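**Q** Sharing a structure below in structure tokens format, with a few things to ask.
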Amino acid sequence: MAGVAARIGSVWAVVRPYRWWAVAAVVGLFVALLAWLVATAPLDRALEPAKQPSLIITDMNGKAIARRGDYKEEPVTIAQLPAHVPAAFIAIEDRRFREHWGVDPIGILRALVTNAQAGGVRQGGSTLTQQLAKTSFLSSERSIKRKLQEVIIALYLEARLSKDEILQNYLSSVYFGDGAYGIRAAARTYFDKAPEELDLGEAAMLAGLVQAPSRLAPSRHLEDARERAAQVIAAMVDTGAITKAQAAAARPAEYRPGRKNLPTGSYFADWVLPQAREATEADYGEIVVKTTLDPRLQKLAEQMILDGLARARGLNVNQAALVAMRLDGRVVAMVGGTDYKASSFNRATQAQRQPGSSFKLFVYLAALEAGKKPSDTIVDEPIELCEPGQQPGECYAPKNDDLRFRGTISLATAFAASSNIAAVKLAQEVGISAVAKQVKKLGIEGGVSIYPAMALGTTPIPLIDMTRAFAAVASGKYPVKATGLWRDDPPPEVTPPEATKASWPVRADMMQLLQSVVRNGTGNAARLPIPAWGKTGTTQNHRDALFIGFAGDLVVGVWVGNDDNSPMAASIVGGGLPARLWKGFMAQALQMEGKMQAVQEIAPVEVDMEALATDMEGMTIDLNGEPNNPPPVIDIPDESVTEPPVPPEPR
């Protein structure tokens, strides 16, 4: 003993000079903790609206198409609830709620014994106050640190709030499953009534849900929820909250949903949700957000994609995407894939795919801004672009997809025929930075490849961004921002080229080039009875095929390909299946809207690309986009056609 006393004395001798510093440190820590609680743990946080409130997304007609977010209604007042409502929660979750100071050692021991006897978790050791602290102020992390924080906050809440206030905060914020937070939202979700109207069986069922809201949700597991409710009623008898007679008379709760069952998402709903969140403020209940989605055009787009891919069976085309927007960027239809339930990945907005020759829009804009004219000529001939140290034969040697070279041709002819040689030459002449400037000017971020093949669309760009770029040319204003939020003002139609001579001088020439593609070039299959503008795109080995264009008051982009980036059949080119899909959608959409006179049904234009390529060798185009010596184009009826025609290499 003497040795121990001596050692203690020696330790004290060392510590004694610093004892006041230690006391100051403890007091400082306590003050800091108190300040932290005051700053980060507002007492009414549980009563605030959900941070991610439930949003109901509707189409342009106000019809709900999706719901996303946390459903939380206004707080309840304990005094206005039937006595059996709070009693049910106290009986099953925290029997000594009225006696303890936020932490209940007796309750913890009782839970340990009960769970050991039951062979599983039947009771929790956390008090209602601890649960409130955890759900309102802390993360779901499981650690000793978080548990200590939970205890400290529980003691703080008990010191600052009355028991009824704690219970009120708890009932107004706890999670009940199916996205419902708080008993008011839960009562509406499961029973279509206010919490002030809950009977004993319903109150018991809601109290039982807190333990495992997903596993016990009556919308999917009604019998399990009823079994749990019976345990709650038995606990209420044990605690004296109700009599055995009242327990026997309690009716099992019936599931009567108070909210319409809606999908949680779609390609369009997933895309527009961040915009809707940004445009709304947190509030109780459900917030309705009206969007630009046109249900008629959406149905048409979905049907066109399914029908088009069905016709392409056997050609290794497994996915497709379509974006339709007004000229100011209001998206009216979106198909992000063939089946949202199978894959919610949006190929219209998320997929980074090469745009192929549709990227030549930027190359020719840069050339026009550098002073080029559609009538200027360029030599379509074999070239090699060598890096330092490369020998002839090792250099980049672009080729036209039809493996032909046309000699000296106009830029208008080069664009209509989608000459790769001309595009690469122009990009090298004006500079890659000038092309990149046009890409950024039309609203596409992220930069472009610095290699010569960039001119042929090797930089991955989402379909919706390429479509926005074409919308800028159509409207005469840039950049165009894609939006899904409703606006009341009427959408614009294609701005006449002469209207933007001052603000965008080269736009008129660019529109001439785009129109020549549809009239006489690789996009001939997209011809409409009204003026149309567009560009085809096909990537190496036919991994992607696109057509993007505009007519009337719509800009539409269509892409086909495969998620694994595997090649499609050689017949799948931008001027084939995508152009036909574009024409089919655009013709019916504009006719629905009265933007195009109804015409007698005609077969899609099936272009003999081999013959067209031969004829184009000597073709030139005047400054109005009309051919000086147009090749013949024959419409072939398609009633007996079961698969798309097989044209040669793309342009």
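**Q** Which members of region 360-377 meet the condition of being surrounded by fewer than 23 Cβ atoms within 10 Å (Cβ to Cβ), among the charged types (D, E, K, R) and not in a loop (DSSP other than H, G, I, E, B)?
**A** Passing the criteria: only Glu369.
**Q** Name every residue in region 558-573 that is modelled with pLDDT of 95 or more, small (Gly, Ala, Ser) and touching an Asp or Glu at 6+ places or on another chain (Cβ under 9 Å), in order of residue number.
**A** Gly561
**Q** Consider Glu196 against the criteria (1) surrounded by fewer than 15 Cβ atoms within 10 Å (Cβ to Cβ); (2) modelled with pLDDT under 95: it satisfies all of them except one. Which criterion is unmet?
**A** (2) is the only condition that Glu196 fails.
One line per residue, one yes/no per condition, for (1) under 23 Å from Gly208 (Cβ atoms); (2) under 39 Å from the mean Cα position of the chain (by Cα); (3) modelled with pLDDT of 65 or more:
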site	(1), (2), (3)
Val15	no, no, no
Leu37	no, yes, no
Pro42	no, yes, no
Glu48	no, yes, yes
Lys51	no, yes, yes
Glu73	yes, yes, yes
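**Q** Which numbered condition in (1) at pLDDT below 95; (2) part of a loop (DSSP other than H, G, I, E, B) is the only one that Val480 fails?
**A** With (1) at pLDDT below 95; (2) part of a loop (DSSP other than H, G, I, E, B) applied to Val480, the lone miss is (1).
**Q** Of (1) under 30 Å from Ser571 (Cα atoms); (2) at pLDDT 95 or above; (3) surrounded by 14 or more Cβ atoms within 10 Å (Cβ to Cβ), Ala417 satisfies all except one. Which?
**A** (2)
**Q** Going through Ala154, Ala186 one at a time, which residue ends up being in contact with a Gly (Cβ under 9 Å, 6 or more places away or on another chain), crowded, with 20+ Cβ neighbours inside 10 Å, more than 18 Å from Gln211 (Cα to Cα) and in the same structural domain as Ser126 (by TED's automatic domain parsing)?
**A** The unique qualifying residue is Ala154.
**Q** Can you tell me which residue is modelled with the highest pLDDT among those in region 81-124 that are surrounded by 15 or more Cβ atoms within 10 Å (Cβ to Cβ), in a loop (DSSP other than H, G, I, E, B) and of a type in the set (A, V, I, L, M, F, W, C)?
**A** Looking at residues that are surrounded by 15 or more Cβ atoms within 10 Å (Cβ to Cβ), in a loop (DSSP other than H, G, I, E, B) and of a type in the set (A, V, I, L, M, F, W, C), I get Leu81.
**Q** Then there's this: Working only within region 473-507, note down all residues that are aliphatic (A, V, I, L, M) and either in contact with a strand residue (DSSP E or B) (Cβ under 9 Å, 6 or more places away or on another chain) or surrounded by fewer than 18 Cβ atoms within 10 Å (Cβ to Cβ) (or both).
**A** Across region 473-507, the qualifying residues are Val473, Ala474, Val480, Ala482, Leu485, Val494, Ala499, Ala502.
**Q** Considering only residues that are small (Gly, Ala, Ser), crowded, with 24+ Cβ neighbours inside 10 Å and closer than 18 Å to Ser357 by Cβ, which ones fall in region 446-472?
**A** Ala455, Gly457, Ala469 - these are the residues of region 446-472 that are small (Gly, Ala, Ser), crowded, with 24+ Cβ neighbours inside 10 Å and closer than 18 Å to Ser357 by Cβ.
**Q** I would also like to ask the following. If you take the residues of region 483-521 that are acidic (Asp, Glu) and closer than 23 Å to Lys372 by Cα, which of them is modelled with the lowest pLDDT?
**A** Checking each candidate, the answer is Glu498.
**Q** Go over the candidates Ser357, Ser344 one by one and state the one that is surrounded by fewer than 23 Cβ atoms within 10 Å (Cβ to Cβ), polar (S, T, N, Q) and touching a residue at least 24 places away in the same chain (Cβ under 8 Å).
**A** Checking each option against the conditions leaves just Ser344.
**Q** Of everything in region 151-198, what is in contact (Cβ under 8 Å) with a residue 60 or more places away in the chain, closer than 19 Å to Ile92 by Cα and part of a loop (DSSP other than H, G, I, E, B)? Give them in sequence order.
**A** Once the filter is applied, which keeps residues that are in contact (Cβ under 8 Å) with a residue 60 or more places away in the chain, closer than 19 Å to Ile92 by Cα and part of a loop (DSSP other than H, G, I, E, B), region 151-198 yields Ser172, Ser173, Gly182, Leu198.
**Q** Look through region 251-295, keep the residues that are part of a loop (DSSP other than H, G, I, E, B), among the aliphatic types (A, V, I, L, M) and closer than 21 Å to Thr189 by Cα, and return whichever of them is modelled with the lowest pLDDT.
**A** Step by step, filter region 251-295, then rank; the result is Ala282.
**Q** So is Ala301 in contact with a strand residue (DSSP E or B) (Cβ under 9 Å, 6 or more places away or on another chain) and over 22 Å from Lys63 (Cα atoms) or not?
**A** Against the criterion (in contact with a strand residue (DSSP E or B) (Cβ under 9 Å, 6 or more places away or on another chain) and over 22 Å from Lys63 (Cα atoms)), Ala301 does not qualify.
**Q** Just give me the residues in region 378-412 being on the phi > 0 side of the Ramachandran plot and assigned to a loop (DSSP other than H, G, I, E, B), in sequence order.
**A** The answer is Gly389, Gly393, Leu403.
**Q** Another question, then. Does any residue of region 451-464 turn out to be out of contact with any helix residue (DSSP H, G or I) (no Cβ under 9 Å at 6 or more places or on another chain), hydrophobic (A, V, I, L, M, F, W, C) and touching a residue at least 40 places away in the same chain (Cβ under 8 Å)?
**A** For region 451-464, residues out of contact with any helix residue (DSSP H, G or I) (no Cβ under 9 Å at 6 or more places or on another chain), hydrophobic (A, V, I, L, M, F, W, C) and touching a residue at least 40 places away in the same chain (Cβ under 8 Å): present.
**Q** Turning to a different aspect of this structure: Any residue that is among the hydroxyl-bearing types (Ser, Thr, Tyr), free of Cβ contacts under 8 Å to residues at least 40 places away in the same chain and in a helix (DSSP H, G or I) - is there at least one of those in region 413-425?
**A** Scanning region 413-425, I find no residue that is among the hydroxyl-bearing types (Ser, Thr, Tyr), free of Cβ contacts under 8 Å to residues at least 40 places away in the same chain and in a helix (DSSP H, G or I), so the answer is no.
**Q** Here are Lys372, Lys399, Lys360: which of them is of a type in the set (D, E, K, R), out of contact with any Gly (no Cβ under 9 Å at 6 or more places or on another chain) and closer than 27 Å to Thr467 by Cβ?
**A** It is Lys372.
**Q** Can you tell me which residue among Leu315, Leu300 is among the aliphatic types (A, V, I, L, M) and in a loop (DSSP other than H, G, I, E, B)?
**A** None of the others qualify; the one that does is Leu315.
The values are calculated or read from the model by the stated rules, or taken from the named source; none is laboratory data. Because the structure is predicted, anything quoted here is derived from the model rather than measured. No Cβ is skipped: glycine too gets one built from the backbone with ideal geometry, and neighbour counts run over all protein chains shown.
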